[in-house]
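Undergrad: Here's a structure for you.
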Amino acid sequence: MSNNVISSPIVYYEAGNFLNVFGGEIACDRTMEVWRSTKHGLEFAVRDKDSYMYTYSFCEDFSRQAELLVRLTAPVGAVFTITAESGDKKLGLGSKASVDSSKYVTFDDNATSRTLRIPFSDLTGFHPAKLTGVTFNQFSVFGDRHPYTLHEISFDGPEHLTFYDLFQTGAVSDDMSSLNNWVDASQGGGPENYRVEDGKMVFSVDPDAAVRPKLRYKGYFGQPGRHEWRVYIPTRVRGDIVSASGFLYATDYKEFDFEIGYGAADVRASLNAQPDDLVAYLTTQATDGSSWASTDQRKVLMKGNKWSDLALDLSVDERGHYVVRWYIDGILQFTSQQRWGPKDLDRGFRSLVSLENLWWIGAEEGVTENPGPRRNRGRPPNTATFASYTFVPR
């Protein structure tokens, strides 16, 4: 089996439930004694024999997969039933297939997680092309002194999936030496604009092409913490409109960016930029989370032709709002106070890297709107090289 996995994330939901990556709830209908999110996953304690929990999707297609995976930590001796349901998108009808957890794992240590690998062949009558939900019930161990923690629900198989998502409940450290954890998110351009070379991710774009190649890490990030990218950005020249970026995206308004390039002529002049300087645009798209009028931005200089460490640090204040800090090579450059926070996110942030041609980042003096297609000048490609991405949750 491959490591290509789709997992249901655990994100706090105001109704007392949680959401998976498909927008379906993870819920217990208040049948559990304990039901809360932790940095390790969804912690719950079973009230009695009638307690249950479930998560549903909208007839998602897992037909290219072969196994249902459930990873959790459970009390010693715990046994429970797992039921997979499948149905029809139009009628909502379908079938159920149940298995007993004891067939796959024995919980003999309440501090160690176990993974149940359940072949679809064990789920008689289940149709993986029409998954509607997974239910857990008939728990054998009860009481708040015997908590369980659900770490992930996932589907594994030999093929790479086109909607390859994994919610992150812990730290991430990726050396970017392969595309295994990255998914194309380009808006113009695409796989032809990036490659792995000498164990690093190299982006390359025609200086005059209308391309915006991007890669996103495979999951959602629903918790505060520090995201950091290590990148080599060559010095640019006048007229270059290329921007190297590391950024977090939830919606068009809920986005935090590093965008680094030559810089517009008026910006370079105001910062007294030298020939080997790049301009980093550090941006909150909307501090109110809903309007461009609340954009918050600072522009700072940094040197090209060197490795740089870019970090976005997200914390939450006493009102539940994000405070975002931008660091370059460990030095704080900008702090932006938001008027929204984790409770205002449906799924969490995506983490992305890119090398995009954006007209404004290289605008000549007096140019205030997109001048349109550029004449091909036959110049060599512009590049940026990413060597690592890390996330450390709070």
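The values are calculated or read from the model by the stated rules, or taken from the named source; none is laboratory data. Note that the coordinates shown come from a computational prediction; the quantities given were computed from them, not determined experimentally. Here the Cβ positions follow ideal geometry from the backbone for every residue, glycine too, while neighbour counts run over all protein chains shown. Surface accessibility is based on the protein's heavy atoms, side chains included, excluding ligands, DNA and RNA. Shrake-Rupley method; radii C 1.70, N 1.55, O 1.52, S 1.80 Å.
Undergrad: Identify the residue in region 312-326 that is assigned to a strand (DSSP E or B) and free of Cβ contacts under 8 Å to residues at least 24 places away in the same chain and, among all such residues, is surrounded by the most Cβ atoms within 10 Å (Cβ to Cβ).
TA: Keep residues of region 312-326 that are assigned to a strand (DSSP E or B), which gives 312-316, 322-326.
Within this subset, residues satisfying the condition of being free of Cβ contacts under 8 Å to residues at least 24 places away in the same chain are 323, 325.
Numbers: Val323: 15, Arg325: 17.
So, considering only residues that are assigned to a strand (DSSP E or B) and free of Cβ contacts under 8 Å to residues at least 24 places away in the same chain, the one surrounded by the most Cβ atoms within 10 Å (Cβ to Cβ) is Arg325.
Undergrad: Quick check on Gly77: is it modelled with pLDDT under 75 and either closer than 28 Å to Asp144 by Cα or outside any strand (DSSP E or B) (or both)?
TA: Details: modelled with pLDDT under 75: no; either closer than 28 Å to Asp144 by Cα or outside any strand (DSSP E or B) (or both): yes.
Criteria not met by Gly77.
Undergrad: Here's another thing I want to ask about it. Out of curiosity, is Phe139 in contact (Cβ under 8 Å) with a residue 40 or more places away in the chain, in a loop (DSSP other than H, G, I, E, B) and either loosely packed, with under 15 Cβ neighbours inside 10 Å or of a type outside the set (Val, Ile, Thr) (or both)?
TA: On the way: in contact (Cβ under 8 Å) with a residue 40 or more places away in the chain: yes; in a loop (DSSP other than H, G, I, E, B): yes; either loosely packed, with under 15 Cβ neighbours inside 10 Å or of a type outside the set (Val, Ile, Thr) (or both): yes.
It is true that Phe139 is in contact (Cβ under 8 Å) with a residue 40 or more places away in the chain, in a loop (DSSP other than H, G, I, E, B) and either loosely packed, with under 15 Cβ neighbours inside 10 Å or of a type outside the set (Val, Ile, Thr) (or both).
Undergrad: Now a separate question. State the number of residues belonging to region 197-239 that are surrounded by fewer than 20 Cβ atoms within 10 Å (Cβ to Cβ) and over 23 Å from the mean Cα position of the chain (by Cα).
TA: 12
Undergrad: Can you tell me which of (1) touching a Pro at 6+ places or on another chain (Cβ under 9 Å); (2) modelled with pLDDT of 95 or more; (3) aliphatic (A, V, I, L, M) is the one Val99 doesn't meet?
TA: Condition not satisfied by Val99: (1).
Undergrad: Shifting gears a bit: Please work out if Ile331 is within 30 Å of Ala209 (Cβ to Cβ) and not charged (D, E, K, R).
TA: Values: within 30 Å of Ala209 (Cβ to Cβ): no; not charged (D, E, K, R): yes.
Criteria not met by Ile331.
Yes or no, residue by residue, for (1) modelled with pLDDT under 80; (2) assigned to a helix (DSSP H, G or I):
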position	(1), (2)
Arg339	no, no
Ser351	no, no
Glu356	no, no
Ile361	no, yes
Pro373	yes, no
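Undergrad: Given the condition modelled with pLDDT under 85, under 28 Å from Leu179 (Cβ atoms), open to solvent by 10 Å² or more (accessible area, probe 1.4 Å) and not in a loop (DSSP other than H, G, I, E, B), answer yes or no: does some residue in region 37-53 qualify?
TA: Scanning region 37-53 turns up no residue that is modelled with pLDDT under 85, under 28 Å from Leu179 (Cβ atoms), open to solvent by 10 Å² or more (accessible area, probe 1.4 Å) and not in a loop (DSSP other than H, G, I, E, B).
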